[in-house]
2 protein chains.
Amino acid sequence: MEAAPPGSSRPTEPGPCLSGQRGADHAASASLQSAAGTEPGRHPLAVAAVLPAGGCGERMGVPTPKQFCPILERPLISYTLQALERVCWIKDIVVAVTGENMEVMKSIIQKYQHKRISLVEAGVTRHRSIFNGLKALAEDQINSKLSKPEVVIIHDAVRPFVEEDVLLKVVTAAKEHGAAGAIRPLVSTVISPSADGCLDYSLERARHRASEMPQAFLFDVIYEAYQQCSDYDLEFGTECLQLALKYCCTKAKLVEGSPDLWKVTYKRDLYAAESIIKERISQEICVVMDTKEDNKHIGHLLEEVLKSELNVHFLDFKLVPPSQKMENLMKIREFAKEVKERNILLYGLLISYPQCLLPSTLEKLVISPWTSNDDQKLQESLRQGAIIIASLIKERNSGLIGQLLIA
Amino acid sequence: MEAAPPGSSRPTEPGPCLSGQRGADHAASASLQSAAGTEPGRHPLAVAAVLPAGGCGERMGVPTPKQFCPILERPLISYTLQALERVCWIKDIVVAVTGENMEVMKSIIQKYQHKRISLVEAGVTRHRSIFNGLKALAEDQINSKLSKPEVVIIHDAVRPFVEEDVLLKVVTAAKEHGAAGAIRPLVSTVISPSADGCLDYSLERARHRASEMPQAFLFDVIYEAYQQCSDYDLEFGTECLQLALKYCCTKAKLVEGSPDLWKVTYKRDLYAAESIIKERISQEICVVMDTKEDNKHIGHLLEEVLKSELNVHFLDFKLVPPSQKMENLMKIREFAKEVKERNILLYGLLISYPQCLLPSTLEKLVISPWTSNDDQKLQESLRQGAIIIASLIKERNSGLIGQLLIA
């Protein structure tokens, strides 16, 4: 059994690879062209993205900056880059990282074969990092591959689950309004403390929203705003939409975002991200069977039982020729190590069935009480097998690869 | 190997049981007496808690109200009740649930043997539910076990990780100031939209806080506030501290809370909660060894390797007499099912070591290439065993109990 990332274009690379969830790529691209008012024969809207990734993640409670924290052995920022990369109409992605993390970032780009990425040095605050990213896009530097976009997306390195549809919405709204940003309802009431640490006032929750990412801007608007803004803004400000409003009188359009846009901030968010990624990538299994041809129906019975438990797609059934004995099954540990490199998790599962081709040594251990009512035993074993498979898929436990489990 | 909840006082009950993380019970109780100005011979401060649990969890995207969603097969609200129950100075816990969930709640209380719980009917809004809880504490109803407390804690059913220290802080501050609540820094900037869905203004993040739970009040203050407040407040209000301010001129003291106080709101929060609970309960393992007495040192070697990988406490080593043959090991599946009822997850692990007491059938499979350099092989097997144990502890995968894993 294996669980492989669907639609992965990089099978030789380690680490999970998320595919788009809503299959909106083509439709989105088409409507972007239309929203941008382009016609056949004219240039499409030029869009770039800036990702500030210079934070040190002090809220995470771990020494590694959160954007570099591994999730299933792959750094968080790599998932975010992947989410942006798969949107074909984003031409350039500028990532701002601190000098000390520059080499780490380069190795991530190389290892996961990220494309269309340019690196700039981060500033000491988020706003300064974004400004550096914008400068790289604005200036016609010699040898620079970058050119000034019409619209620039600003996103966070720690929001890996951004989908194309919300990117499209903010870009389209930015084209029309000059600025746009994703918002979400507030989860907690917001209050203002007085100087003595007591409640001064509380805000009506329904009248306020959390400003999330992505945001998008006409490049000239946001670049102008950053050039005009004060050192105080650059040091203490947190809101790009506010800069556009304050310095360019541009009222941003607010776009309702999905819960998936949340920012990975605390350790619990890493747990949540890991579970979501596991859920997304473990959607296909391949069952390799070591059985006689005429017992192929056991595979189909298993598929039936599993379908009621899991929302997975069966990739394939393969029958191993009966000439290959159980000795070979013990080799699954070696084979499992090998295919893990390609992010395939392989486990062995023994379904107890008297007609199965089992070598005597294991058969003895497994089906010794096998006396009557074979069909009921088989059903029980299949159910147990389904529970084991469901657990393995849910947990995506790479520590157990190559084990022979008994249903 | 098993992973059992430490300090569980209910070993016969299914479902995990969280123990206090900071061991602050005694110290906290002592300082509460002191903070409340009580002296020996006088009555300690009377504290009760009200938990509104009438929400329908529409943000979760699942049909079950979030407070009843299972985490490791136990409903979320049961963890929260447990967190309050283990604080010995909270005398009564009043839970407000809707009529349709009343029976569900009663069965949870029975199954997990919750104590000091009284149920009242929830209102249609959070404020109305809290008000119902306060009324139950205020009125001297015939046959009521409840008596009016001096201080009342208000907490959410969906914040299971509340610790005694923050409860103590808000109660102590409420005793002094009349009202107190936990706060957290804002994760996102808060904005106000204009009627046309554009940005009206954004708030300075550093000057605002998220108001979280728990909160605490002098009972007379908050009860008075609820009795005075308008229907509009009861329908649309979200902030108890605001009611105390508006109707009783009581300025709540704000207490910095820990990140653990967050509210389980979205599906991702369930994932995070599950991971945190797994991490907390899987802190002890017991290694049962089937080996000769003179190979006991393998167990200690394994412990050494594990200690470097895991932050777990070794509960015990047990040697199974060598007379029990490997046939018995196959019975671990039956035994595993049995002990799972007591929330003990049992797995088998075979460490490859030539002097181990292995029955020939499995020995053949496992150590066939065993020719030279036994010590290196053993080390490798121990390392592999540690990886497997670490995976099992982290994932707490009940679907794999009773399996014999090979290191």
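Selection of first residues in the stretch A:192-221 that are within 10 Å of chain B (Cβ to nearest Cβ) and of second residues that are among the aromatic types (Phe, Trp, Tyr) and part of a strand (DSSP E or B), restricted to Cβ pairs under 7 Å at least 6 apart or on distinct chains, gives the following pairs, ordered by first then second residue: A:Ser192/A:Tyr201.
Taken over the stretch A:101-124, the criterion of being assigned to a loop (DSSP other than H, G, I, E, B) and touching a Pro at 6+ places or on another chain (Cβ under 9 Å) is satisfied by A:Tyr112, A:Ala122, A:Gly123. Please verify whether A:Arg209 is touching a strand residue (DSSP E or B) at 6+ places or on another chain (Cβ under 9 Å) and at pLDDT below 95, treating the condition exactly as stated. When the stated conditions are applied, A:Arg209 does not pass them. Which members of the stretch B:397-407 meet the condition of being crowded, with 21+ Cβ neighbours inside 10 Å and not aliphatic (A, V, I, L, M)? Correct list: B:Asn397, B:Gly402, B:Gln403. Taking the stretch A:252-275, which residues are in a helix (DSSP H, G or I) and closer than 25 Å to B:Pro193 by Cα? A:Pro259, A:Asp260, A:Leu261, listed by residue number. Hey, can you tell me all the residues within the stretch A:189-235 that are in a helix (DSSP H, G or I) and in contact with a His (Cβ under 9 Å, 6 or more places away or on another chain)? Residues satisfying the conditions are A:Tyr226, A:Asp233, A:Leu234, A:Glu235. Restricting A:Ala157, A:Ala195, A:Ala136 to residues that are hydrophobic (A, V, I, L, M, F, W, C), out of contact with any strand residue (DSSP E or B) (no Cβ under 9 Å at 6 or more places or on another chain) and over 21 Å from B:Ser192 (Cβ atoms) narrows the list to A:Ala195. When A:Lys364 is tested against (1) part of a helix (DSSP H, G or I); (2) more than 8 Å from every other protein chain (Cβ to nearest Cβ); (3) at pLDDT below 50, just one condition goes unmet, and that condition is (2).
Residue by residue, here is whether (1) over 40 Å from the mean Cα position of the chain (by Cα); (2) modelled with pLDDT of 75 or more; (3) surrounded by fewer than 21 Cβ atoms within 10 Å (Cβ to Cβ) holds:
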position: B:Leu345; (1), (2), (3): no, yes, no
position: B:Gln376; (1), (2), (3): yes, yes, yes
position: B:Glu380; (1), (2), (3): no, yes, yes
position: B:Leu392; (1), (2), (3): no, yes, no
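Considering the conditions (1) farther than 30 Å from B:Lys169 by Cβ; (2) touching a residue at least 24 places away in the same chain (Cβ under 8 Å); (3) surrounded by fewer than 19 Cβ atoms within 10 Å (Cβ to Cβ), A:Pro185 is excluded by exactly one of them, (1). A:Cys88 fulfils the conditions (1) more than 17 Å from the chain's Cα centre (by Cα); (2) under 17 Å from A:Leu167 (Cβ atoms); (3) surrounded by fewer than 16 Cβ atoms within 10 Å (Cβ to Cβ) except for a single criterion, (1). Note on the stretch A:350-361: among residues that are surrounded by 19 or more Cβ atoms within 10 Å (Cβ to Cβ) and within 26 Å of B:Gln384 (Cβ to Cβ), the one that is modelled with the lowest pLDDT is A:Leu358. Filtered by the rule that a residue be in a helix (DSSP H, G or I) and closer than 22 Å to A:Arg159 by Cα, the stretch A:125-136 gives A:Arg126, A:His127, A:Arg128, A:Ser129, A:Ile130, A:Phe131, A:Asn132, A:Gly133, A:Leu134. Residues that are surrounded by fewer than 20 Cβ atoms within 10 Å (Cβ to Cβ), facing another protein chain (nearest Cβ under 10 Å) and of a type in the set (D, E, K, R) within the stretch B:227-266 comprise B:Lys246, B:Lys251, B:Glu256, B:Asp260, B:Lys263, listed in sequence order. Restricting attention to the stretch B:172-219, report how many residues are farther than 30 Å from A:Ala216 by Cβ and among the aromatic types (Phe, Trp, Tyr). Going through the stretch B:172-219 one residue at a time, the tally reaches 2. Restricted to the stretch A:170-191, and to residues there that are within 8 Å of another protein chain (Cβ to nearest Cβ) and among the β-branched types (Val, Ile, Thr), the residue that is nearest to A:Leu245 (Cα to Cα) is A:Ile183.
The values are calculated or read from the model by the stated rules, or taken from the named source; none is laboratory data. Because the structure is predicted, anything quoted here is derived from the model rather than measured. Please note: Cβ atoms are built from the backbone with ideal geometry, for glycine as well, and neighbour counts cover all protein chains shown.
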